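Read through the structure below, which is laid out as structure tokens, and then see the notes.
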Amino acid sequence: MKSLKQLIAGAGILAGGLLSAQSADMTNILKVGLNGGVSTGGNTAANLGVDLSYQNLITPGFGLGIATGYNNYFGKDRNVAINGVNVDVKNNDFGVIPVAALFRVYPREMGFYFGADVGYGFIVGDDRVAENVDVARPDGGFYIKPEIGYHNRDWNFFAQYNKTFTGDKGQIADQDYNAGAIGVGFSYNIPLGK
């Protein structure tokens, strides 16, 4: 429920940004968006998140900046063999807060683009991986979010992969800890001028 409240608050920030956006030169841009996807691992089912980034267009076709946000991963119940005994594991939800550098390549003024966010993902939420198994969750790890999509002056629509690498931390028997998803999203560009 707490995660749902955070996502609703993020949507409110997005709506406020949309209403206050003004026409200005597009060199410095604040991007506010939403993303969602299907999990790439066994302990989660899906993710839903809010993106916030700042981008400076170094040239008309290349942007650099910083990115953050919040991604909520929804835990998935699984049956796992622990020491030869099958246990119904009730995996907890958790969040990832990335702190990343971003780059974007825009071959044309409107149309196809690609890029990535690279940095560190802080994992937040319950201290344990699962409700009924006493295994500590990882605190974070290397974060990457490549994306490819379509853009115009105001909007970006994209497909993405996001992943926070945690090594073998948080593993329960043969269930690796996963903080990754493949999905889609959109963001709105708020021009900040030169």
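Given the DSSP H assignment, sum -39500 (n - 2.57) over each helix run of at least 4 residues in the chain and divide by its residue total; what's the result at 222 nm in deg cm²/dmol, nearest 500?
Taken over the chain, the calculation gives -3500 deg cm²/dmol.
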query = Taking Cα centroids, how far is the range 87-112 from the range 129-147 in Å?
reply = 14
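Mind checking the dipole of the range 143-194: about its Cα centre, +1 per Lys or Arg Cβ, -1 per Asp or Glu Cβ, Debye to the nearest 20? Please list the in-between numbers first.
On the way: 5 positive and 5 negative charges, 70 e Å.
Once rounded to the nearest 20, the dipole reads 340 debye.
Can you tell me the FRET efficiency between residue 153 and residue 184 if r is taken as the Cβ-Cβ distance and R0 is 22 Å, rounded to the nearest 0.05?
On the way: r = 21 Å, r/R0 = 0.93.
That pair, residue 153 with residue 184, gives E of 0.60.
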query = Between residue 136 and residue 66, what is the label-to-label distance in nm when each label sits 7 Å out along the Cα-to-Cβ direction?
reply = 2.9
request  = Residues in the range 136-155, backbone N under 11 Å from the label point at residue 82 (7 Å along the Cα-to-beta-carbon vector): list them, ranges by number please.
outcome  = 136
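Take a quick pass over the chain and tell me how many lysine pairs come in under 16 angstrom between Cα atoms, counting only ones 8 or more apart or on separate chains. Walk me through the intermediate numbers first.
Details: 31/145; 31/194; 76/90; 145/163.
Lysine pairs, 8 or more places apart or on different chains, close enough: 4.
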task = Read through the labelled values [x] 18.2, 64; [y] 18.1, 58; [z] 23.6, 73 and report the label of the one computed as Rg and Dmax of the Cα atoms in Å from the structure.
result = [x]
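Round to the nearest 0.05 the FRET efficiency obtained for residue 112 and residue 168 when R0 = 41 Å and r is the Cβ-Cβ distance. List each step's numbers first, then the result.
Details: r = 38 Å, r/R0 = 0.92.
FRET efficiency, residue 112 to residue 168: 0.60.
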remark   = Taking Cα atoms only, helix 2-20 is inclined relative to the longest principal axis of the chain by an angle, in degrees rounded to 10, of 0
message = Which residue fluctuates most in the GNM of the chain (Cα springs below 10 Å): 152, 83, 162?
response = 83
remark   = When 110, 26 are arranged by how many other beta-carbons sit within 10 Å of their Cβ, fewest first, they go 110, 26
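A short reminder: the numbers here are calculations on the coordinates, not readings from a lab. Bear in mind the structure is a predicted one, so any value in this text is a computation, not a measurement. In this analysis, Cβ positions are derived from the backbone assuming ideal geometry, glycine residues included, and neighbour counts consider all displayed protein chains.
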